[in-house]
Amino acid sequence: RLLFNLEVHGKMDNTGYCSESFNSLQSGTSDEDMVEITGATLDFSSTDDVPPLDRDYGGSYGAGDGSNGVPKLMDLLDEPVPGVGTYEDFNTIDWVREKSKDRDRHREIATKSKESALALMKSISDAFSGWLLMLLVGLMSGALAGGIDISAHWMTDLKEGVCLNGFWFNHEHCCWNSNETTFQERDKCPNWKSWAELIVGTNEGPFAYIMNYLMYVCWALLFSFLAVSLVRAFAPYACGSGIPEIKTILSGFIIRGYLGKWTLMIKTITLVLAVSSGLSLGKEGPLVHVACCCGNILCHLFTKYRRNEAKRREVLSAAAAVGVSVAFGAPIGGVLFSLEEVSYYFPLKTLWRSFFAALVAAFTLRSINPFGNSRLVLFYVEFHSPWHLLELIPFVLLGIFGGIWGAFFIRANIAWCRRRKTTRLGHYPVLEVLVVTAVTALLAFPNSYTRMSTSELISELFNDCGLLDSSQLCNYANVSVTKSSSDALPDRPAGQDVYTAMWQLSLALVFKMLITVVTFGMKVPSGLFIPSMAVGAIAGRLLGVGMEQLAYYHHDWVIFRGWCSPGADCITPGLYAMVGATACLGGVTRMTVSLVVIMFELTGGLEYIVPLMAATMTSKWVADALGREGIYEAHIRLNGYPFLEPKEEFSHKTLAMDVMRPRRSDPPLSVITQDGMSVEEVESLIAETSYSGFPVVVSHESQRLVGFVQRRDLVISIENARQRQEGVVSASRIFFTEYIPPQPPNSPPPLKLRGIMDLSPFTVTDHTAMDIVVDIFRKLGLRQCLVTHNGRLLGIITKKDILKHMAQMANRDPDSILFN
């Protein structure tokens, strides 16, 4: 009972939480709240995407005698006070209290279900509501993802030309309906006209090339300008990947509006624009944010999830799985991604519901068929030859490259984002996006491998060359082929086009590595999965072609003898591209199990699990040796979010007394006595401090702990009593005791607030080791705990104190922890 009846509330250092006006606290969020998210200072007024939950909690605290952690609120009033028991913006939820509330609600429903048939039906509908919610999240996310895929494909092709049959057709769909398209020139058809053909009448010559070049750059600038303008004007939270913030929210932090309807609407539109602009970014990470927005919005349809922050986070964990499921067509990989990478609390029930939601989303996406190939997977591959054991050596080399690239990218990107936050660069987000788009478009157009969309590039790099392929990468020298076209082709000498393609891919590799560093983190929706995979796929294809030519010309070498005979298909360059993509994505994100499953679901290459596992583990080991944090953890730390990383070990020998506040030089701990303070004294204490909660003690002399009261609950209860309870004035005494002693005649009526006090706050002694305290905070989801010595209250440790202490121990700036 001590562990499961907590109501803990830490100190708040950020401005905007503590306002001198009690009315501003009652209204949910102050109009002056400011928060710095991913480098830009954003202003959020009270017209928020998702209204604060204050008004919804009125009925959730109806019963209890003050001993079960969720008691009756105000003993002198007949009805509960709206807003008590909820959380302010940029605060951490109390997991234990939320779970306790849900257990009480479930117990009450189970008891009533035995009384009548109607109550039994309500009990059944309550149990079914979670599955219904998962169904709705899957349907909505799948439909949005299908629309985003189709729109992005069309707008990407719009930069190069337009379909005369209907401007809404992309290049591929336009040429499908043409009877004059030949197989050799499948991309050329009379119905599709480039901008040069429409404007100057021809597609040949330098003037036509310049016209196409100019239109490509202009469309790219238009798309990126619209994207950054919409984000800046309507939903500043729609920028970036969203996964660092989702991880923080799932750990219990509240960022109101981050998963709201405006964010969903703007992120969906601007994601299409950003991907179509040709910037080096992907849509997979932002799709996780989109799916979580769908989950959060649909939670409002169900009281059970609307009124409980912990239950809502179970839905958001499942929604994160849905996001990856629709991004890659990988439902099982999505569930594992949510479990391994983003979720903080993932019970078995959430695993089942995530699986169901990912299934529904994948089915919805398959019904829409956005890729037009009747396949769910994004990059379907069909390799004809198995891999050989000795090929593990180049696969491990690709893993080493992926680890080195991942560590380099994280350091470079964080350095650039920190520069953006601390210099004038961050004041001009629109200009920054336009400059990066212009540079990207100008450098990308001359190279056919950077001009095409990144998804098309990866698909071409994964492809295994057949007789009918017209790609430059498949233009090998002709040799006599005795096998049918459905079987594997033998290794052949590379033709001139292959060598040209190698040079172009080498330039594309350098370009992608550098431009992605400055692109990720700009004020447009930007994912990292596809650019990272592109870097690895290019490196893998280069190595694969090199190995293929080595095996062709030197098949008598020791490493090839015995398994690579002349005329055999020994090396598959597309497989090397797939392994390289996995290695680079693993080096950047530090994913392991979920990454391997996503990759074989993404490509259909089930028999290549061992090479993928070898490359993934190698890249993680190398990247971890060069830097412990993945890209999402690094951005969480850069933005100062209060996130206790479960994977990080606390190895320092410090005690609770070394971390608690107040320190020896600080003023004494602000406390409230259980029966000796007036309303005026309590209001004065609230106005003079910025703490989000106060310990309640027997007296200032004894300092014996009675309980803990949340600042927000205290302010709302006093304000409500002043308005609705006759006779409550500044001189009224406040009592947290079970019984109010007899009052002198003519004294104002007292105010009994025992109902809002947590009677079982979590406490540790001053000699408790900090590694134990950190484990307690992680595993119980505490906001704070109180420190005692021989039963007397000494101090308090908040989640923010722990994060600052860990930063200090790691020689980092402790003041970088911005939020509570």
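Selection among Val709, Pro742, Ser670 by position relative to the dipole of region 650-771 gives Val709 as farthest towards the positive end (Cβ unit charges, Cα centre). Taking all Cα pairs closer than 8 Å and separated by 6 or more residues, the relative contact order of region 656-810 comes to 26 percent.
How would you classify region 497-583 from its alpha-carbon gyration tensor, with a ≥ b ≥ c the square roots of the eigenvalues: rounded for a/c under 1.5, else prolate if a/b is greater than b/c, otherwise oblate? Prolate, since a/c reaches 1.5 and a/b exceeds b/c.
Quick check on region 656-810: take the gyration tensor over C-alpha atoms, sort the square-rooted eigenvalues as a ≥ b ≥ c, and tell me if it's rounded (a/c under 1.5), prolate or oblate. Could you put the intermediate results ahead of the total?
Numbers: a/c = 2.37, a/b = 2.11, b/c = 1.12.
Prolate, since a/c reaches 1.5 and a/b exceeds b/c.
Approximating the spin labels as points 7 Å out from Cα along Cα→Cβ, the Thr111-to-Ile609 distance works out to 4.9 nm.
Report in % the part of the accessible area of region 656-810 that belongs to carbon and sulfur, leaving out ligands and nucleic acids; probe 1.4 Å.
So the carbon and sulfur contribution to the accessible surface is 50 percent.
Taking a straight Cα-Cα cut-off under 22 Å and skipping sequence neighbours fewer than 8 places away in the same chain, the lysines within cross-link reach of Lys512 are Lys159, Lys283, Lys523, Lys620.
Compared with the alpha-carbon gap, the fully stretched path from Lys647 to Val558 is longer by 27.7 nm at 0.36 nm per residue.
Each residue of region 204-220 was assigned a 3J(HN,Hα) from its phi angle through the Karplus curve 6.51 cos²θ - 1.76 cosθ + 1.60 (θ = phi - 60°); the sequence is 10, x, x, 5, 5, 4, 5, 5, 4, 4, 5, 5, 4, 5, 5, 4, 4 Hz, with glycine and proline shown as x. Ordering Leu794, Ser684, Ala769 by Cα displacement along the dipole of region 656-810 toward the positive end leaves Ala769 in first place; charges were set at the Cβ atoms of Lys, Arg (+1) and Asp, Glu (-1). Solvent-accessible surface of region 555-660, averaged per residue with a 1.4 angstrom probe and all protein chains in place: 37 square angstrom.
On full extension, the segment bounded by Ser471 and Glu680 gains 67.2 nm, given 0.36 nm per residue less the C-alpha separation.
Probe radius 1.4 Å, ligands and nucleic acids ignored: give me the carbon and sulfur share of the accessible area of region 279-413 as a rounded percent. List each step's numbers first, then the result.
Details: 2990 of 4390 Å².
Its accessible area is 68 percent carbon and sulfur atoms.
Starting at the first residue of region 544-559, write each ³J(HN,Hα) from the Karplus equation 6.51 cos²θ - 1.76 cosθ + 1.60 with θ = phi - 60°, in whole Hz, x for Gly and Pro. Values, residue by residue: x, 5, x, 5, 5, 5, 4, 5, 6, 7, 10, 5, 8, 5, 4, 5 Hz.
Put simply, the amide H of Gly495, placed in the peptide plane, has neighbours under 5 Å in Tyr476, Ala477, leaving out anything fewer than 5 places away on its chain.
Before I look further, what does region 137-368 give for accessible area per residue, probe 1.4 Å, in whole square angstrom? The partial results should precede the final answer.
Details: 8260 Å² over 232 residues.
Heavy-atom SASA per residue in region 137-368 reads 36 Å².
Using a ≥ b ≥ c from the Cα gyration tensor of region 137-368 (square roots of the eigenvalues), is it rounded, prolate or oblate, where a/c under 1.5 gives rounded and otherwise the larger of a/b and b/c decides, a/b for prolate? All intermediate terms of the calculation are to be shown ahead of the outcome.
Numbers: a/c = 3.10, a/b = 2.05, b/c = 1.52.
Because a/c hits 1.5 or more and a/b exceeds b/c, region 137-368 counts as prolate.
Model label sites at Gln496 and Cys218, defined 7 Å from Cα along the beta-carbon direction, differ in position by 3.6 nm. For Leu164 and Thr303, a Förster radius of 60 Å and the Cβ-Cβ distance give a FRET efficiency of 0.65, rounded to the nearest 0.05.
Between Trp176 and Leu443, what FRET efficiency comes out of the Förster formula 1/(1 + (r/R0)^6) with R0 = 45 Å and r the beta carbon distance, rounded to 0.05? Result of the calculation: an efficiency of 0.90. The modelled label-to-label distance for the pair Arg663/Met809, using points 7 Å beyond Cα in the direction of Cβ, is 1.7 nm.
Considering only beta bridges that DSSP places wholly inside region 656-810, some 70 percent are antiparallel.
Put simply, the amide H of Thr673, placed in the peptide plane, has neighbours under 5 Å in Val697, leaving out anything fewer than 5 places away on its chain. The spacing between region 89-105 and region 395-448, judged by their C-alpha centroids, is 40 Å. Between Gln725 and Gln743, the contour length at 0.36 nm per residue exceeds the alpha carbon distance by 4.7 nm.
The values are calculated or read from the model by the stated rules, or taken from the named source; none is laboratory data. What you see is a predicted model; the values in this text were computed from it and never measured. Positions of Cβ are generated from backbone atoms using ideal geometry, with glycine treated the same way; all protein chains shown enter the neighbour counts. These accessible areas exclude ligands, DNA and RNA; they are computed on the full protein's heavy atoms, side chains included. Shrake-Rupley method; radii C 1.70, N 1.55, O 1.52, S 1.80 Å.
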